[in-house]
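I have placed the structure first, in the form of structure tokens, so that the comments after it can refer back to it.
The values are calculated or read from the model by the stated rules, or taken from the named source; none is laboratory data. Computed from a predicted model, the values in this text were never measured in an experiment. Neighbour counts are summed over all protein chains in view; Cβ atoms, including those assigned to glycine, are modelled from backbone coordinates with ideal geometry.
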């Protein structure tokens, strides 16, 4: 049974220090100097309250089993998840998820637009957990002048609404696990992005490893959509092509969460494709979709032009070719009528 979560108190100081110390001791070189570096642990509930945030803990049989805090950052639209720790004896039962759910809900209630957290580069188990929850790496590594000689990754994700972001190489690599699950779920529901079910998780992860490598090489743009803090869809803009077609880019591999509002997420992704293409100097974008795909009608509604159809272009379905100009000089009359 997952331990009950309650508001933290200053009187929990002993348990908090013990919990953090035990978690840090699992990693070489991590040393907890309370009075020299983190004296706020002596009265952590008051510290969070003074910052406008909150602290929660979960009691276990042998002391505190877990903890988490949250506080607003100076811009007020960003809230930081802080000090999420779970005792080794309490892991695997959902406590970490419950603690993070509690902190994220508090931030959303306060109007947070972005959720932020920092995690030591040595805490590999924590990275896996945060990435499964839709957080991606953003920005440079933070260097701390502490006795542990800590380096920290910065992870963020949108807190509310449907938000689309272009991921850089570091963010794309950190999203591989979450996007792998998204692809497996989408293929299982109805087939997606050229795959037939069942798609094995490791195969899906390999797909995204290749994607993040191409992002790092500047050959691909990866757009990801979040809906209420959960990864809900993705699409790619392929920049590879012959030198004589350096003005073109191809929209590929739209994958949508089958349990979400697929139409709204697809519309949001398509709305950001133009800007991504323009940012990379591309004035013409193309897209090939299975006939009947949810994105077909959305393309026509958002200024794309149908160039033609390929009979049985996908197993059991025709494919439809669309194109769109993001710059001057190309008009619908120039469309190529393929497969008519």
Only listed residue being part of a strand (DSSP E or B) and surrounded by fewer than 19 Cβ atoms within 10 Å (Cβ to Cβ), chosen from 234, 252, 278:
252
Residue 282 vs. criteria over 18 Å from the mean Cα position of the chain (by Cα) and either under 16 Å from residue 182 (Cβ atoms) or assigned by TED's automatic domain parsing to the domain that holds residue 316 (or both)
yes
Filter region 147-168 for residues that are surrounded by fewer than 14 Cβ atoms within 10 Å (Cβ to Cβ) and farther than 17 Å from residue 115 by Cα and give the result.
147, 149, 151
Return the pairs, sorted by first residue and then second, in which the second residue is in a loop (DSSP other than H, G, I, E, B), the first residue lies in region 129-143 and is buried (at least 18 other Cβ atoms within 10 Å of the Cβ), the beta carbons are less than 6 Å apart, and the residues are 6+ apart or on different chains.
136/175
Out of contact with any helix residue (DSSP H, G or I) (no Cβ under 6 Å at 6 or more places or on another chain) and either in the same structural domain as residue 128 (by TED's automatic domain parsing) or in contact (Cβ under 8 Å) with a residue 40 or more places away in the chain (or both): which single residue out of 40, 26 fits that description?
26
Considering only residues that are crowded, with 16+ Cβ neighbours inside 10 Å and either more than 22 Å from residue 327 (Cβ to Cβ) or in contact (Cβ under 8 Å) with a residue 40 or more places away in the chain (or both), look in region 295-307 and name the one that is nearest to the chain's Cα centre (by Cα).
295
Unique residue being touching a strand residue (DSSP E or B) at 6+ places or on another chain (Cβ under 9 Å) and assigned to a helix (DSSP H, G or I) when the list is 186, 225
186
Does residue 9 meet the test of being more than 23 Å from residue 121 (Cβ to Cβ), modelled with pLDDT of 95 or more and in the same structural domain as residue 120 (by TED's automatic domain parsing)?
yes
When region 1-56 is examined, which residues are found to be closer than 20 Å to residue 70 by Cα and assigned to a loop (DSSP other than H, G, I, E, B)?
3, 4, 8, 9, 38, 51, 52, 53
Going by the structure shown, is residue 108 under 14 Å from residue 15 (Cα atoms) and touching a residue at least 60 places away in the same chain (Cβ under 8 Å)?
no
Return the residues of region 189-201 that are in contact (Cβ under 8 Å) with a residue 24 or more places away in the chain and either surrounded by fewer than 14 Cβ atoms within 10 Å (Cβ to Cβ) or not assigned by TED's automatic domain parsing to the domain that holds residue 292 (or both); say none if nothing qualifies.
190, 194, 196
Determine if region 170-180 includes at least one residue that is in a helix (DSSP H, G or I), in the same structural domain as residue 267 (by TED's automatic domain parsing), under 22 Å from residue 318 (Cα atoms) and in contact with a strand residue (DSSP E or B) (Cβ under 6 Å, 6 or more places away or on another chain).
no
Tell me, yes or no, whether region 92-104 has at least one residue that is touching a strand residue (DSSP E or B) at 6+ places or on another chain (Cβ under 7 Å), under 19 Å from residue 179 (Cβ atoms) and surrounded by 20 or more Cβ atoms within 10 Å (Cβ to Cβ).
no
